[in-house]
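The values are calculated or read from the model by the stated rules, or taken from the named source; none is laboratory data. Keep in mind that this is a model prediction, so the values were computed, not measured. Quick reminder, even Gly has a Cβ in these numbers, built from the backbone with ideal geometry, and neighbours come from all protein chains shown. The area values use the complete protein model at the heavy-atom level, side chains included, leaving out ligands, DNA and RNA. Shrake-Rupley method; radii C 1.70, N 1.55, O 1.52, S 1.80 Å.
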Amino acid sequence: MAKQEDLFKKVIAHAKEYGYIFQSSEIYDGLSAVYDYAQNGVELKKNIRDYWWKAMVQLNDNIVGIDAAILMHPTTWKASGHIDAFNDPLIDNKDSKKRYRADVLIEDYCLKIEKKIEKEITKAAKRFGESFNKEEFITTNQRVLTYQEKINTILARMGKSLEKENLADLKLLIEELEIADPLSGSKNWTEVKQFNLMFGTKLGANTATAMHLYLRPETAQGIFVNFANVQKTGRMKIPFGIAQTGKAFRNEIVARQFIFRMREFEQMEMQYFVKPGTEIEWYEKWKEKRLNWHKSLGLGEDNYRFHNHDKLAHYANAAADIEFNFPFGFKELEGIHSRTDFDLKAHEEHSGKKLRFFDPKTNANYVPYVVETSVGLDRLFLAIFSKALQNEELEDGSSRVVLRLPSILAPTKVAILPLLKKDGLPELAKSIMNDLMYNFQTMYDEKDAIGRRYRRQDANGTPFCITIDHQSLEDNTVTIRHRDSMKQERISINEITLIVSKEISFKKWIHNFRV
Ligand code: GAP
C-alpha cells in the first residue's frame, strides 16, 4: 500500500516538474479538485482526444461528431432526471466534521477485503510456484470464497438501498460494518442525506427575471437534444452514432486522487442509436471495441478489466465499466451503458417535439434505443501517464526515469540536440528543426552534456532524439536515439521524417481497435 502511495506521489510530482499538470490558481493556494494542463499536458491531452476522435468518427462512416454548448435549456436536466436523481448519498462525521460519500465508505471497506484476497493469492503463488493455477485457487480456496461472499453480500445490500433510496439502511450498514472515519477513526456518524451534484448559474442581468441554468454534468444530453437535427441534416440511417468531446462539471464532494475525480473535467462520449431489441447485441460489440481501443495503446492488457453493474442507473438496461489498474488499484475508466429509449422519450415528453426514426422498410416511426460509450479524458490521461512513468535500472548499474508514453501520444515527437553550441552545429540543427516542425511537434535543446539532455527527454516522454555532430556537417547524417531501447543509429537527415512518421502512424497504433 505504501509502495502504491509512493508511486502515486511520484506521478503527481513528475506531472508538475515536467510541465504536464498544475494545480488551478496555485498562487492563491489552489482550487480544490480543479487542475490546469501545462505546456506538455495540453499536447498529451490533445493527442489522446485526437486518437479517440479518429477511432470513433474517422474510422466509422456512420458516426459523426458535434460540439454542443455547455449551457443548455434548464428543462434538459428535468427531462434527463439530473434535477431529481443526480445525487450522492452524503454522511458527516460528527467529531471530525468531515463529509463523505456513504457508498464510497462502504466500497472502500470492500476494497480492504479485496486486498486480503490478493494477499492470499500472492502467498499461494509463492508456495505453489510454477504449478499455481490462479483461477482454480480463487474458485476453491475456502478463505478466498468467504471473503468474496462477504463483498458480494455487502455490495448487493448497498445496491438495493441506493436503488430504493433507503438512506437509513445505508447508515445501518456503515454502523454494522463498524466503518470509522478514515481520518479520525471516529464512528460517530450523522444520518445519510442526498446532495445534488450540478453547479448552478444564472442567465440574464436582472436577478428577478434571470433564468436558473446548470453547467452540464455530462456531454451526453447535448447529443440527445440534437438527435433529430443530426439525423435529418446528415441523412443518417439506423444504426448511427453521434460523438462529442467537451467539458462537464460536477460538484463532487469526495473529489480526490488528483485528476481522477475533478469538479471540472472533460468527457469523450458517443451515443449509438439502434433499433429497439438490438441494443444488447450492440452493447456487447461496443464493450469489445472500446476495450480493444484501450489495449491498442500498449499499456499492458492485464491492466484492464470489465466490471458489470448489478445496480443499474435509472436509464439503463445493461451497464459495465472498463476498469484500469491505477496506482491506487482498479477503478472505473470508461462506462458503457445500454440507455434504452429513456433519454429520447423523456425529451419528447418535455419538449413536445418528435425524436423518432422513420424506417422506410416497415413504413413506421420508432424512438431508437441508445448504447453509450463514455470515457473521462482526464482519467484516461492519468491512466496513460501513471503507467508510462517508470524508474528503470540500467545494465551499467545506473538508473533512469523514463516516461514511456505511447509515441503517437507523446507531446514532443523529436528533440533536436546539437552536440556543441559552436562550429555551425546549432545552425544545422535549427535548419533540420525548421523542416521537421511542419510534420511534428519538435523541441530544441543545446544546454548541458548530451547524456543529461537524453535523460531530460526520456523523463519528458520524447520518443526520438536527433543529435547533430561534426560528421553531420560533412555527410548530412545524424544520430537518432530511440527513447525506449536507448538504441542509437546513424541515419541520413532525409530519413528522419520517414522513420518518425512510421513509428507514430495512426494506422499502425489503432490496428487492434479495428479487428
Ligand atoms: N454520460 C454518462 C456519464 O456521464 P459517468 O459514469 O458518470 O457516465 C463517464 O461518467 C466517465 O466520465 C467516467 O467513466 C469517468 O471516466 C469520467 N468522469 C466522471 N466523473 C468524473 C470526475 N468527477 N472527474 C473526472 N472524470 C470523471
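For the range 157-254, which chymotrypsin sites (Phe, Trp or Tyr not before Pro) are both in a DSSP coil and crowded by at most 14 other Cβ atoms within 10 Å? Write out the running numbers ahead of the final one.
On the way: sites: Trp189, Phe195, Phe199, Tyr214, Phe224, Phe227, Phe240, Phe249; in loops: Phe199.
Within the range 157-254, no chymotrypsin sites (Phe, Trp or Tyr not before Pro) qualify (loop, at most 14 other Cβ atoms within 10 Å).
With a point put 7 Å past each Cα toward its Cβ, work out how far Glu264 is from Lys10 in nm, to one decimal.
For the pair Glu264/Lys10, the computed spacing is 3.2 nm.
Bin width 5 Å, origin at 0, all Cα-Cα pairs of the range 412-513: what percent of pairs per bin?
Over the range 412-513, the share of Cα pairs per 5 Å bin runs 2, 13, 25, 25, 20, 8, 3, 2, 1, 0 percent.
Can you tell me which lysines have their Cα less than 16 Å from the Cα of Lys126? Leave out same-chain residues fewer than eight positions away.
List returned: Lys116, Lys134.
Ignoring ligands and nucleic acids, what accessible area does Val225 show with a 1.4 Å probe (Å², nearest 10)?
60 Å²
If we sort 29-39, 46-56, 264-274 on the protection proxy, mean other Cβ atoms within 10 Å, highest first, what's the order?
On the way: 29-39: 15.5, 46-56: 19.3, 264-274: 23.2.
Output ranking for 29-39, 46-56, 264-274: 264-274, 46-56, 29-39.
May I ask you to give the solvent-accessible area per residue for the range 412-513, in square angstrom, as obtained with a 1.4 angstrom probe?
Values: 5130 Å² over 102 residues.
Per-residue value: 50 Å².
Relative to the present Cα-Cα distance, how much length would full extension add between Asp108 and Asn62 at 0.36 nm per residue of separation?
Working: separation 46, 0.36 × 46 = 16.56 nm, distance 4.12 nm.
This chain segment gains 12.4 nm when fully extended.
Count the net charge of all other residues whose Cβ sits under 9 Å from the Cβ of Leu90, scoring Lys and Arg as +1 and Asp and Glu as -1. Don't skip to the end; give the middle numbers.
Values: positive: Arg99, Arg101, Lys193; negative: Asp88, Asp92.
Here the charged neighbours net out to +1.
Given charges of +1 on the Cβ of Lys and Arg and -1 on the Cβ of Asp and Glu, with all other atoms neutral, how large is the dipole of the range 375-468 about its Cα centre, in debye to the nearest 20?
Working: 13 positive and 12 negative charges, 46 e Å.
Roughly 220 debye for the range 375-468.
At 0.36 nm per residue, minus the direct Cα-Cα distance, what do Met486 and Glu130 gain on full extension? Give it in nm, one decimal, please. Present the calculation step by step, with values, prior to reporting the outcome.
Working: separation 356, 0.36 × 356 = 128.16 nm, distance 3.29 nm.
That works out to 124.9 nm of additional length.
Roughly to the nearest percent, how much of the accessible area of the range 102-170 is carbon and sulfur, given a 1.4 Å probe? Don't jump to the answer; show the numbers that get you there.
Details: 2420 of 4600 Å².
Reported share for carbon and sulfur atoms: 53 percent.
Under a Cβ-only charge scheme (Lys and Arg +1, Asp and Glu -1), can you give me the dipole magnitude of the range 1-109 about the Cα centre, in debye to the nearest 20? Before the final figure, lay out each step's value.
Details: 14 positive and 17 negative charges, 14 e Å.
Around 60 debye, computed over the range 1-109.
Per residue, how much accessible area does the range 45-202 have with a 1.4 Å probe, in Å²? List each step's numbers first, then the result.
Numbers: 9030 Å² over 158 residues.
Normalised by residue count, the accessible surface of the range 45-202 is 57 Å².
Divide by every residue of the chain the summed helix terms, -39500 (n - 2.57) for each DSSP H run of at least 4, and state the resulting mean residue ellipticity at 222 nm, rounded to the nearest 500 deg cm²/dmol. If you can, show how the numbers build up before the last one.
On the way: 18 runs with 204 residues, N = 515.
Value at 222 nm, helices only, nearest 500: -12000 deg cm²/dmol.
Tally up the carbon and sulfur contribution to the accessible surface of the range 412-513 as a whole percent, 1.4 Å probe, everything protein left in place.
Numbers: 2640 of 5130 Å².
Carbon and sulfur: 51 percent of the exposed surface of the range 412-513.
Considering only Val192, Ala449, Ile468, whose Cα is most displaced toward the positive end of the charge dipole of the chain, charges sitting on Cβ of Lys, Arg (+1) and Asp, Glu (-1)?
Val192
Do any GluC sites (Glu not before Pro) in the range 151-258 lie in a loop, going by DSSP, with at most 10 other beta-carbon atoms within 10 Å of their beta carbon, and if so which?
Listed in order of number, the matching sites are Glu178.
Scattering from the C-alpha atoms of the chain alone, worked out with Debye: what is log10 I(q)/I(0) at q = 0.06, 0.07, 0.13 1/Å?
Here log10 of I(q) over I(0) equals -0.36, -0.49, -1.39.
When Lys and Arg each count +1 and Asp and Glu each count -1, what net charge do the other residues less than 14 Å away from Trp282, Cβ to Cβ, add up to? Provide the component values of the computation, followed by the final result.
Numbers: positive: Lys275, Lys285, Lys287, Lys289, Arg290, Arg339; negative: Glu279, Glu281, Glu284, Glu288, Asp341, Glu372.
Every neighbour counted, the sum reads 0.
Based on DSSP H assignment, which helices of the chain show an axial Cα extent of at least 20 Å together with a mean Kyte-Doolittle hydropathy greater than or equal to -1.0?
Working: long enough: 2-17 (22 Å, -0.76); 39-53 (21 Å, -1.39); 102-128 (40 Å, -0.39); 142-163 (31 Å, -0.45); 279-295 (24 Å, -2.15).
What comes out of the filter, once short or polar helices are dropped, is 2-17, 102-128, 142-163.
Restricting to lysine pairs 8 or more places apart or on different chains, what number in the range 321-479 have Cα atoms under 27 Å apart?
15
Return the lysines within reach of Lys94: Cα separation strictly under 22 angstrom, same-chain partners fewer than 8 residues apart disregarded; answer none if there are no such residues.
Lys171, Lys187, Lys193
So if I place +1 on the C-beta of Lys and Arg and -1 on the C-beta of Asp and Glu, and nothing else carries charge, what would the dipole magnitude of the chain be about its Cα centre? I want it in debye, nearest 20. Display every interim value, and only then the final one.
Working: 76 positive and 73 negative charges, 108 e Å.
The calculated dipole for the chain is roughly 520 debye.
Cβ under 9 Å from Met198's Cβ, Met198 left aside: what net charge do those residues give with Lys, Arg +1 and Asp, Glu -1?
Numbers: positive: Arg216, Arg250; negative: none.
It works out to a net charge of +2.
Expressed as a whole percentage, what fraction of the accessible surface of the range 297-395 belongs to carbon and sulfur atoms when a 1.4 Å probe is rolled over the protein heavy atoms? Before the final figure, lay out each step's value.
Values: 1940 of 4330 Å².
Roughly 45 percent of what the probe reaches on the range 297-395 is carbon or sulfur.
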